[in-house]
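The structure under discussion appears below in the form of structure tokens.
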Amino acid sequence: MNAIRTSRRTRTLRHSEIRNMTLECTRVSGINLSQGVCDTPVPEIVRRAAQAAIDDGVNIYTRYDGLPELRRAIADNLRRAHGLDYDPETQIVVTNGATGAFYCACSALLDPGDEVILFEPFYGYHADTLRALEVVPKCVTLQPPDWTFASRDLEAQVTGRTRALVVNTPGNPSGKVFQRAELEAIAEFAARHALVVITDEIYDRFVYDGREHVSPAVLPGLFERTVTIGGFSKTFSITGWRIGFSACENRELVRMLGHLNDLAYVCAPAPLQMGVARGLERVGPEFYELIRREYTCKRDKLCAALSRAGLSPHVPQGSYYVLADVSRLPGKSSKERAMFLLERTGVASVPGSAFYSGAGGEDLVRFCFAKTDAELDEACRRFERLL
Ligand code: GLN
């Protein structure tokens, strides 16, 4: 008998469509607007500080919860940018990206058979992480154009096993920026059902049209029940560095998040932690302003080209993705339509079905606009082949 048999919990897992489409894109040497790679330049301060850290010998394990410089910088940044008050010594853990933070938070909080509410369209890694831990995602569908939900939709998903709710704001793939009133409704709902709120705020700096990112934990009643997750992959264009964090008011939980972080990968890469720490200390508000301006231009450019090509975009309020209506393209599913688009234009996107639990998303594909202007311009030109 073969000794190699995968565990029960792996059986629901598939390779993410984000990665599948990246492979398909490489096959045709296309332009990859599928994976949120973020190949825009890394700020010089961040690059230089990481290089200096390697030269200065910051190359060994850090403390299980990260370098003190970085925890302090994260705490300052959260206080200044979002009004959150976490103690860097006891309430913040540096992780391998927001992905590592999310995995550790879910393992620390949830048992097999527990249920967690997700808003869909969701980021596939959120759903798959839950499934990998034998936790059941229960979805509340957001309605375009503003990706809104009704309180009764939340209520409808609650059972005796519901333990948590995930809020991804600004959202991937919808770009939804949760408004204060929506978060108030979530706070009231979470309190009523004694739920933990796990946030993913990795796109906190990517918010457009004068909107503001509201960090859920600033709401009355949410600070005590929220695990705030973020990262620097997007802000500093360092998706391959894997530097993120989780923060929580509850020190015991934070210690457990640290233990799980230690168990899974010991620590995030030491010199890269230092690069991010110095970046956070030294870039000023003008840097974040520049991100908003540059990404607004990229968003508008991509959305205009999609409109011209007859692929109506849902113009995002935040993050750096656009969901576009591809119902006019041939194909029976969003995967077939994304493949048609790739064959015809050489531009890769992610099929919308990757962001829905049921039959949703088949008329949608997702494009990422965290690209250099030259590449984005070329992709926009190629959409003309659809006319
Ligand atoms: N967050 C990015 C996306 O949605 C990257 C995901 C990944 O490659 N794991 O595309």
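We did not get these values from a lab; they are worked out from the coordinates using the rules stated. What you see is a predicted model; the values in this text were computed from it and never measured. For neighbour counting, all protein chains shown are included, and Cβ atoms are generated from backbone atoms with ideal geometry for every residue, glycine included.
Points to keep in mind about this one:
- Interchain or long-range residues, amide H under 5 Å from residue 138's placed H: 116, 117, 118
- Computed about the Cα centre, the dipole magnitude for the range 132-245 is approximately 260 debye when only Lys and Arg (+1) and Asp and Glu (-1) carry charge, each at its Cβ.
- Under the Karplus curve 6.51 cos²θ - 1.76 cosθ + 1.60, θ = phi - 60°, whole-Hz ³J(HN,Hα) for the range 228-238, x wherever Gly or Pro sits: 8, 10, x, x, 10, 3, 7, 4, 9, 6, 10
- Once the mean of 1/r is taken over each pair of separate Cα atoms and inverted, the range 88-148 shows a Kirkwood hydrodynamic radius of 12.9 Å.
- From the largest down, the chain spans 58, 57, 52 angstrom on the principal axes of its Cα atoms.
- Here the range 77-232 is treated as a Stokes sphere of Kirkwood radius computed over C-alpha pairs; at 20 °C and 1.002 mPa s its diffusion coefficient rounds to 137 µm²/s.
- The Cα atoms of the range 1-48 cover 55, 31, 17 Å along the three principal axes, with the biggest extent listed first.
- Spacing of the modelled spin labels on residue 3 and residue 252, each 7 Å from Cα toward Cβ, amounts to 4.1 nm.
- Cα gyration tensor shape for the range 161-230, rounded if a/c is under 1.5, else prolate or oblate: prolate
- The chain: most fluctuating residue of 56, 128, 85 per GNM, C-alpha cutoff 10 Å: 56
- The range 44-71 versus the range 97-152: alpha-carbon centroid distance in Å: 32
- All Cα-Cα distances of the range 252-346, cut into 10 Å bins from zero to the largest, leave 13, 24, 20, 23, 19, 1 percent in each bin in turn.
- Rounded to whole Å, sorted largest first: equivalent-ellipsoid semi-axes of the range 235-277, Cα gyration tensor: 22, 13, 8
- Taking label positions 7 Å along the Cα-Cβ direction at both residue 150 and residue 29, the computed distance is 5.3 nm, reported to one decimal.
- Relative protection proxy for 238-249, 331-342, 184-195, from highest mean packing down: 238-249, 331-342, 184-195 (other beta-carbon atoms within 10 angstrom).
- Per-residue Karplus couplings for the range 58-75, computed as 6.51 cos²θ - 1.76 cosθ + 1.60 with θ equal to phi - 60°, are listed in order as 7, 10, 10, 3, 9, 4, 4, 10, x, 5, x, 4, 6, 4, 5, 5, 5, 4 Hz, Gly and Pro entered as x.
- GNM top mover of 203, 125, 320 - the chain, alpha-carbon springs below 10 Å: 125
- Label-point separation, residue 359 to residue 157 (7 Å along Cα→Cβ), nm: 2.0
- Rounded to the nearest 20 debye, the dipole size of the chain about its Cα centre is 960 debye, using +1 on the Cβ of Lys and Arg and -1 on the Cβ of Asp and Glu.
- Phi-derived couplings, Karplus 6.51 cos²θ - 1.76 cosθ + 1.60 at θ = phi - 60°, listed residue by residue for the range 362-373: 5, 8, 10, 10, 10, 10, 9, 10, 7, 9, 5, 4 Hz, with x used for Gly and Pro.
- The dipole here belongs to the range 324-386: it is taken about the Cα centre, uses +1 on the Cβ of Lys and Arg and -1 on the Cβ of Asp and Glu, and is about 180 debye.
- Per-residue ellipticity at 222 nm, computed for the chain from helices alone with -39500 (n - 2.57) per DSSP H run of at least four residues, works out to -12500 deg cm²/dmol.
- Antiparallel DSSP beta bridges within the chain, percent to nearest 5: 55
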